[in-house]
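*Asks:* To start, I am sharing the structure in question, which I have written as structure tokens.
The values are calculated or read from the model by the stated rules, or taken from the named source; none is laboratory data. This structure is a prediction, so every number in the text was calculated from the model and none was measured. Cβ sites come from the backbone with ideal geometry, for glycine too, and all protein chains shown count toward neighbours. Accessible surface is based on the protein model in full, side chains and every heavy atom, while ligands, DNA and RNA are left aside. Shrake-Rupley method; radii C 1.70, N 1.55, O 1.52, S 1.80 Å.
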Amino acid sequence: MPKTHFRDKIHANVATTFNDVLLLPGFTSVEPEDVDIMTNFTEHMSLQIPFISSPMDTVTETNMAIALARQGGLGFIHRNCSTDEQVEMVKKVKRAESFIITDVITISQNEPVARALDVMNQKSINGLPVVEKGRLIGIVTGRDVRFAEDTEKLLVKDVMTKDVVTATKDISIDEAIKLLHKHRIEKLPVTDDGRLIGLITVKDLMLKGKFPNASRGKDGSLLCGAAISPFDADRVMALAKVADVIITDVSHFHNQNCFSATKKLLKQLAIPMIVGNIGTYEAAIDCLTKLDGIAGLRAGIGSGSICSTSVVTRAGAPTLFATANCADALSEVGGNVSIIADGGIKNPGDVALAISAGASAVMIGNIFAGTSESPGRLIGFEGRYYKQYYGMGSEAARQRRFALDRYSQPSKDITEGVEGYVPFRGTVADVLHEFIGGLKAAMGYVGARTIKEMWEKAKFIGISQAGTKETHPHDIFLPDKSTY
Ligand code: XMP
């Protein structure tokens with residue numbers, strides 16, 4: 001056997017986890033209400049809160065992405081479905097509210113009214129511009145057809161409003177509101193020389209005021225991310241047309257094939273791309289130096305609450321450790337790249353630790369899986385409510401077969417994730433209220449007013465098992481242990 005350094009290998013590094021450390025309170029003049037948790041997520045995209053959701057089929061579909069974006073965070077739509085289904089989910093988020101919708105659903109004047117009603121029901125909208133050869137010739141709304149009889153025979157042209165009030169694309173929000181109000185209408189088609197190019201709706205304008213922190217693009221639409229495999233270029237290109245940012249969804253991205261495929265994609269992409277998951281300093285250096293143009297690093301391998309990777313393979317890089325390693329690599333190489341701490345977040349304190357270790361945002365699966373906006377239904381059990389949650393490497397996720405290449409060998413017969421249930425926690429807004437409050441309080445203890453100050457000022461201290469016990473509620477009977 002050659003000269004070995006096995007003892008060094010075991011002791012040289014500690015894979016520090018959230019449970020191993022505390023934040024040291026520092027001298028502070030910062031009150032939690034003074035704290036600003038806005039984060040620069042990509043070069044041209046800032047988020048009001050550093051919370052994003054995992055691209056998992058029990059976490060992020062349309063409702064989750066809409067709810068998170070409205071609160072100022074971001075959802076990443078999962079890829080465990082066909083490309084068409086994923087694209088449609090992203091489109092629904094983009095359509096959910098935007099100042100000017102550009103992806104307008106229209107109808108032809110010679111369609112029966114029944115067809116117009118079907119489309120309105122399917123897409124949950126209450127009006128359709130009527131278009132012939134791209135030109136706007138009318139509008140049909142719920143009001144026009146609500147009491148219509150014989151809707152199979154009656155045609156759209158028989159009921160539509162022909163004298164349509166329209167706007168041009170440079171209209172301001174205030175002007176649009178005035179026009180809608182003046183004419184007592186709910187929809188304002190936007191035209192360019194008679195051609196329909198967009199639509200403004202009362203509903204969207206009202207929502208804009210209701211969610212002042214929402215993450216929005218220039219057109220007012222909610223921001224939406226999507227997960228991809230670097231090996232599925234067709235899906236990537238389809239998503240690049242609709243999503244605002246994409247993220248690779250690979251369990252071990254520091255891999256020659258992933259790098260080669262990603263390099264090709266980066267050359268063609270016009271939207272930001274985050275890569276991962278990675279877990280080491282070396283992986284981060286390689287990503288930062290070999291993948292020109294990446295917008296972020298997704299850090300953490302094996303810490304997720306549903307992960308069994310580290311049990312099955314004994315390989316892993318806990319999220320806190322991975323985040324700090326990526327942050328050091330970034331400070332070494334430089335660049336406008338954010339670090340996303342992914343997996344293992346159980347409470348607001350873990351978010352504070354992840355940010356203190358250099359993260360720009362945290363990615364959460366478990367906690368969001370327990371909200372009303374996650375896919376799946378509520379399940380009652382012994383007087384409590386739960387929602388289903390499973391890993392993307394679990395048998396349940398694998399059965400859907402679309403994300404098999406997340407793990408190294410699609411054909412291999414082992415699972416790297418588990419299936420189960422998480423407690424129901426209310427809405428995304430409820431959960432974020434608690435998490436944002438906790439994060440701001442932690443920043444108050446450290447004396448950090450912003451995320452950047454948290455990177456600079458936060459100090460960690462290791463904690464023993466006995467310390468962990470003492471720093472959690474103890475010596476009291478707690479009927480509800482779920483939050484500790
Ligand atoms: P939490 O702790 O929020 O973590 O539930 C979510 C993150 O876990 C990762 N993930 C997996 N990791 N096997 C794994 O080893 C899996 O089956 C699996 N599914 C998801 C992923 O990074 C997610 O964001």
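*Asks:* Full-extension gain between Leu378 and Met206, please, as 0.36 nm times their residue separation minus the C-alpha to C-alpha distance. Before the final figure, lay out each step's value.
*Replies:* Details: separation 172, 0.36 × 172 = 61.92 nm, distance 3.00 nm.
Contour length minus Cα-Cα distance gives 58.9 nm.
*Asks:* Determine ³J(HN,Hα), in whole Hz, for all residues of the stretch 151-165 in sequence, where each value follows from phi through the Karplus function 6.51 cos²θ - 1.76 cosθ + 1.60 and θ = phi - 60°; x replaces Gly and Pro.
*Replies:* 5, 6, 8, 5, 9, 3, 4, 6, 10, 5, 7, 8, 8, 8, 7
*Asks:* With label points built 7 Å along Cα→Cβ from the Cα atoms of Asn347 and Glu186, find their separation and express it in nm.
*Replies:* Output for this residue pair reads 4.6 nm.
*Asks:* While we're looking at this one, here's another question. At 1.4 Å probe radius, can you tell me the per residue accessible area of the stretch 1-152 in Å²? Kindly include the intermediate steps, with their values, before the conclusion.
*Replies:* Working: 7840 Å² over 152 residues.
Using a 1.4 Å probe on heavy atoms only, each residue of the stretch 1-152 averages 52 Å².
*Asks:* Take Arg314, Arg377, Arg135, Arg398 and sort them by solvent-accessible surface of the protein heavy atoms, 1.4 Å probe, largest at the top. Present the calculation step by step, with values, prior to reporting the outcome.
*Replies:* Values: Arg314 200, Arg377 175, Arg135 110, Arg398 25 Å².
The residues order as Arg314, Arg377, Arg135, Arg398, largest area first.
*Asks:* Ignoring everything but the protein chains, give the 1.4 Å probe accessible area of Glu419 in square angstrom, nearest 10.
*Replies:* 100 Å²
*Asks:* Ok, one more. How long is the gain from Lys469 to Lys263 if the chain were fully straight, where each residue apart is worth 0.36 nm and the alpha carbon distance is subtracted?
*Replies:* 69.5 nm
*Asks:* Now a separate question. In straight Cα distance, which aspartates and glutamates are under 18 Å from Lys469, not counting same-chain residues fewer than 8 positions off?
*Replies:* List returned: Asp20, Asp350, Asp480.
*Asks:* Given a 1.4 angstrom probe, what's the average accessible area per residue across the stretch 372-484, in square angstrom?
*Replies:* So the stretch 372-484 comes to 64 Å² accessible per residue, rounded to a whole number.
*Asks:* Please tell me which of these pairs span more than 24 angstrom C-alpha to C-alpha: Lys3/Lys290; Lys208/Lys267; Lys203/Lys440; Lys346/Lys440; Lys162/Lys203; Lys123/Lys178?
*Replies:* Too far apart for the 24 Å limit: Lys3/Lys290; Lys208/Lys267; Lys203/Lys440; Lys123/Lys178.
*Asks:* Pop a pseudo-label 7 angstrom from the Cα along the beta-carbon direction at both Ala315 and Tyr445 and give the gap in nm to one decimal.
*Replies:* Placing both labels 7 Å along Cα→Cβ, they lie 3.6 nm apart.
*Asks:* Treating the beta-carbon of each Lys and Arg as +1 and of each Asp and Glu as -1, no other charges, what is the dipole magnitude of the stretch 208-299 about its Cα centre, to the nearest 20 debye?
*Replies:* 380 debye
*Asks:* How many percent of the accessible area of the chain is carbon or sulfur, using a 1.4 Å probe?
*Replies:* Of the solvent-accessible surface of the chain, carbon and sulfur hold 51 percent.
*Asks:* Which order do peptides 35-44, 58-67, 94-103 fall in by mean Cβ count within 10 Å, highest first?
*Replies:* Peptide ranking by packing, descending: 58-67, 94-103, 35-44.
*Asks:* Okay, moving on. Which of the peptides 46-56, 148-158 is most tightly packed, and how do the rest follow, going by the mean number of other Cβ atoms within 10 Å of each residue? Can you show the working numbers first?
*Replies:* Values: 46-56: 25.5, 148-158: 13.5.
Descending packing order for the listed peptides: 46-56, 148-158.
*Asks:* State the Cα centre-to-centre distance between the stretch 151-214 and the stretch 259-278 in whole Å.
*Replies:* Measuring centre to centre over Cα atoms gives 38 Å.
*Asks:* Summing +1 for each Lys or Arg and -1 for each Asp or Glu, what net charge is found among the other residues whose Cβ lies under 15 Å from the Cβ of Phe368?
*Replies:* On the way: positive: Arg70, Lys346, Lys387, Arg425; negative: Asp57, Glu61, Asp342, Asp350, Glu373, Asp430, Glu434.
Charge balance in the 15 Å sphere: -3.
*Asks:* Then there is this: Determine the relative contact order of the stretch 161-245: mean sequence separation of Cα pairs under 8 Å and six or more apart, normalised by residue count, in whole percent.
*Replies:* On the way: 74 pairs, mean separation 15.5, N = 85.
Dividing the mean separation by the residue count of the stretch 161-245 yields 18 percent.
*Asks:* Hey, what did the chain get for relative contact order, percent, Cα under 8 Å, at least 6 apart?
*Replies:* Details: 1016 pairs, mean separation 99.4, N = 484.
About 21 percent, as a whole number.
*Asks:* State the antiparallel share, in %, of DSSP beta bridges confined to the chain, rounding to the nearest 5. Can you show the working numbers first?
*Replies:* On the way: 34 of 61 bridges.
Looking only at bridges with both residues in the chain, the antiparallel portion is about 55 percent.
*Asks:* Taking the Cα-to-Cβ direction at Ser108 and at Asn19 and moving 7 Å from each Cα, how far apart do the two end points lie in nm?
*Replies:* It works out to 6.3 nm between the two label points.
*Asks:* What ranking do 294-303, 327-336 get when scored by the average of other Cβ atoms within 10 Å per residue, highest first?
*Replies:* Details: 294-303: 27.4, 327-336: 15.2.
Output ranking for 294-303, 327-336: 294-303, 327-336.
*Asks:* Need the full-extension length gain, Phe477 to Glu332, defined as separation in residues times 0.36 nm minus the C-alpha distance. One decimal, nm.
*Replies:* Numbers: separation 145, 0.36 × 145 = 52.20 nm, distance 4.85 nm.
Once the chain is fully extended between Phe477 and Glu332, it gains 47.3 nm.
*Asks:* The stretch 350-413 to the stretch 34-58: how many Å between their Cα centroids?
*Replies:* 18 Å
*Asks:* While we're looking at this one, here's another question. For the chain, with only Lys/Arg (+1) and Asp/Glu (-1) charged at the beta-carbon, what is the dipole magnitude about the Cα centre, in debye rounded to 20?
*Replies:* 460 debye
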